[in-house]
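Bear in mind that the values in this text are calculations on the coordinates, not laboratory data. What you are looking at is a predicted structure, and each value in this text was computed from that prediction instead of being measured. Don't worry about glycine lacking a Cβ; one is built from the backbone with ideal geometry, like all the others, and counts go over all protein chains shown.
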Ligand code: PRP
Ligand code: URA
């Protein structure tokens, strides 16, 4: 498993505004979208391409195009939905599948309440979107779900991670083709399973309390 923490002043700047408790929902949503596009650039560094020959107005030349089968982008509902547009802006030909997961706020265990994904993911490059990697339970369950459908190559994109959750996911997928791209690794998880300093509840800040 590989972990890549994006190190860019624009990402740190946008993250600082995102973390601010006084940042209102509309600004929060725009920032998640902008951060996602910056992280998507890092996360698609190894997207599979194949040679493609075209004719310019002057000469024939060979470049590349995204390989078939097309990559699959999987936002984890709800909060991952806020990252979808930023991702497909960079990868417009990707297909999109959905996984709905909710963490029990007492036990911190995730449950999967919805799924709309192809049955066979073998040979598909999969990109999982979830802004928060806290205990790592939700992300580990999502990655395992994709592996169970035959995926061999999964890249997860998260805005913030706690070191404890990151270590748990690394342990679970040691030796697998999994890459995690992160905006930042924070200090720790608190006793309620929240990332510290974090940004609070990403789903609630994007879409309101449920
Ligand atoms: C949040 C977040 C992750 C999960 C992270 O979702 O978006 O999916 O918690 O926590 P974990 O690493 O400890 O599993 P939540 O369950 O609150 O659902 P929501 O996106 O619908 O708000
Ligand atoms: N989920 C969130 O939205 N925020 C956290 O800090 C932890 C889990």
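Points worth noting:
- The angle between the Cα long axis of helix 25-43 and the main principal axis of the chain comes to about 50°, on a 0 to 90 degree scale.
- Seen against the Cα atoms of the chain and their longest principal axis, helix 9-19 is set at about 40 degrees.
- Residue exposure proxy: 119, 153, 204, ordered by other Cβ atoms within 10 angstrom of their Cβ from fewest to most, comes out as 119, 204, 153.
- Sorted by Cβ density within 10 Å, fewest first, the residues 117, 10: 10, 117
- Cα gyration tensor shape of segment 48-136, rounded if a/c is under 1.5, else prolate or oblate by comparing a/b with b/c: prolate
- The order of 158, 126, going from fewest to most other C-beta atoms within 10 Å of their C-beta, is 126, 158.
- Only helical runs count toward this figure. For the chain, summing -39,500 (n - 2.57) over DSSP H runs of n ≥ 4 and dividing by all residues gives -9500 deg cm²/dmol at 222 nm.
- Antiparallel content of DSSP bridges confined to segment 2-207, in %, to 5: 35 percent
- With N the number of residues in the chain, Rg(Cα) / (2.2 N^0.38 Å) evaluates to 1.04.
- Normalised contact order of the chain, rounded percent, pairs of Cα under 8 Å and 6 or more residues apart: 24 percent
- Packing rank of 177-190, 88-101, where each peptide gets the mean count of other beta carbons within 10 Å, highest leading: 177-190, 88-101
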